[in-house]
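The values are calculated or read from the model by the stated rules, or taken from the named source; none is laboratory data. For clarity, every value in this text was computed on a predicted model and none was experimentally measured. For neighbour counting, all protein chains shown are included, and Cβ atoms are generated from backbone atoms with ideal geometry for every residue, glycine included. Just the protein is used for accessible areas: all its heavy atoms, side chains included, with ligands, DNA and RNA removed. Shrake-Rupley method; radii C 1.70, N 1.55, O 1.52, S 1.80 Å.
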Amino acid sequence: MDHRLALLGAHLGDDLVAAGDGIPERATHDWSGLPPVRPLALVRPRTTADVAATLKLCDAHGIALVPQGGLTGLAGGAHPVGDAVALSLERMNRIEEIDPAMATMTVEAGTVLQVAQAAAEDAGLFLALDLGARGSCTVGGNLATNAGGNRVIRYGMAREHVLGLEVALADGTVVSSLNKMLKNNAGYDSKQLFIGSEGTLGVITRAVLRLQPRPSFSTSALCGCRDFEAVLSLLKAMRAGLGPSLTSFEVMWPSFYDFMAGSLPHLPRPLAGRHGIYVVIEASGFDAEHEAARLEAVLGAALEAGDVEDAVLAASQTDVADLWAIRESVSEYSKVLGPITAFDVGLSAGRTGEVVEVLEAGLRARWADAIALSYGHIGDSNLHLVVHVPSAGLAQPGEAITGFVYDTIRRAGGTISAEHGIGLLKRKYLSYTRSDEELDLMRRMKRALDPKGILNPGKVLG
């Protein structure tokens, strides 16, 4: 037996440590598409003290460690390393407290997001952080990657939902600051170091989340616009007319909308005819009649101005589902495409339209049969692009596609990662987005908090 396995078993116990065939298949990969890797061992702590003991042991003996949450990341941040321990937080899934007076929720890091959302709803409150993987992703993973999702335009990224944090450092030191106060300016706000650090600076074990009043009403509209300039005018009008009631503003180029609608005939297509670009809008609030009337009024003005060519306003929750069906059809990629090269990039809204034109035309110029689908949370400056080259079969030219896309994003002053992190897949392109000085500061923080480099080796900075 590997002496490191004997060491882990002796100090942590067989209840926490699995090795060899005892490691479940799901722990060997995340959603990045990277080949499965069996880690040296899988440790599944039950408490913060277990996490601290594991880290202290690994740090003392130079054993690398990869933290894992729900394994729904797309950049390889939680992908295991063959000579490292995988540390799964799945057993640390307790909701410890909901404080209605402070509108907070204290949870362990392994709590599934959807479970936390349901607990908040049962308490008459609302956890506004939301993303498509809600049924599998965990709070700790959401915070470690600073996840975005569907409601960023109104509620912000994951870090905006965090008031307090407990973190275990590389040497096993536990830093617990489970603050509930909105105002707390006593020294450095250390939690921000760990939110978005992808487990490279410490392991998040518990968090205090900020809750919101639960909206009692939401509705949606689907719009067909003439072009991207009209979309920007519509976004400006929606922000001005709806204010904080504007919850989502999702844009779909014809490349995405028409392809998915044509490939999946069962999807409803509420708008007649074809349009230059499509937008799904969600508004939510506390006065159904007032909120619906405001959305209708803003849409009416946009129709009169010519920015919107056609629009459908939901009259029921069934209608809402129909209006969102094509935007949410991304889960069907495996049915309509072969292997894909996917991108999550950020751009200033004003440049997004021209960049999409450059990307789609450039990809077709390089690969005549390329299928490039563009869509995203444009109100959040977030563009998603999915590329498949049918003639390449299983041997997709991923490196060449990635180089072209990221070069284009760099020239436009954008970011290579808007909401999915860096992980392994984007590591070599980090300098496209961050300056030499920023990268040097990141390395200094890494050396200060993890001098032996045991935490999530090879991720983010390499």
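Quick notes on this one:
- Applying the Karplus relation 6.51 cos²θ - 1.76 cosθ + 1.60 with θ = phi - 60° to the range 370-385 yields 3J(HN,Hα) values of 4, 9, 10, 10, 10, 6, x, 8, 5, x, 10, 6, 10, 10, 10, 9 Hz, where x marks Gly and Pro.
- Accessible area of the range 102-176 belonging to carbon and sulfur atoms, whole % at 1.4 Å probe: 49
- Across the range 131-240, the volume of the C-alpha convex hull divided among the residues equals 165 Å³ per residue.
- Peptides 281-293, 238-250, ordered by how many other C-beta atoms sit within 10 Å of their residues on average, highest first, read 238-250, 281-293.
- Hull volume in cubic angstrom per residue (convex hull over the Cα atoms of the range 282-404): 140
- On Cα atoms only, tilt of 48-61 relative to the major axis of the chain in degrees: 60
- Sorting the segments 329-335, 13-19 by their residues' average number of neighbouring beta-carbon atoms within 10 angstrom, most packed first, yields 13-19, 329-335.
- Burial ranking of peptide ranges 427-434, 224-231 (average Cβ count within 10 Å, highest at the top): 224-231, 427-434
- Pairwise Cα distances in the range 64-150 exceed 18 Å for 44 percent of all pairs.
- Helix 3-12 axis, angle to the chain major axis (alpha carbon atoms, nearest 10°): 90
- In Å, descending, principal axis extents of the Cα set of the chain: 72, 57, 44
- Sum of -39500 (n - 2.57) over DSSP H runs of 4+, divided by residues of the chain (222 nm, nearest 500): -9500 deg cm²/dmol
- Cα gyration tensor shape for the range 44-108, rounded if a/c is under 1.5, else prolate or oblate: oblate
- Spin-label model distance (nm) - residue 354 vs residue 436, 7 Å beyond Cα toward Cβ: 2.9
- Acute angle (nearest 10 degrees) that the helix 436-449 long axis makes with the longest principal axis of the chain, alpha-carbon atoms: 40
- Evaluated at q = 0.19 Å⁻¹, the base-10 log of the normalised Debye intensity for the range 299-345, with identical point scatterers placed on the Cα atoms, takes the values -0.81.
- Bridgeable aspartates and glutamates around residue 459 (alpha carbons under 17 Å apart, same-chain partners fewer than 8 residues away excluded): 30, 83, 198, 419, 438, 440, 450.
- Listed residues 418, 243, 326: farthest to the positive end of the dipole of the chain (Cβ charges): 418
- Near the amide H of residue 310, within less than 5 Å, lie the amide hydrogens of 224, all on another chain or at least 5 residues away, with H placed in the peptide plane.
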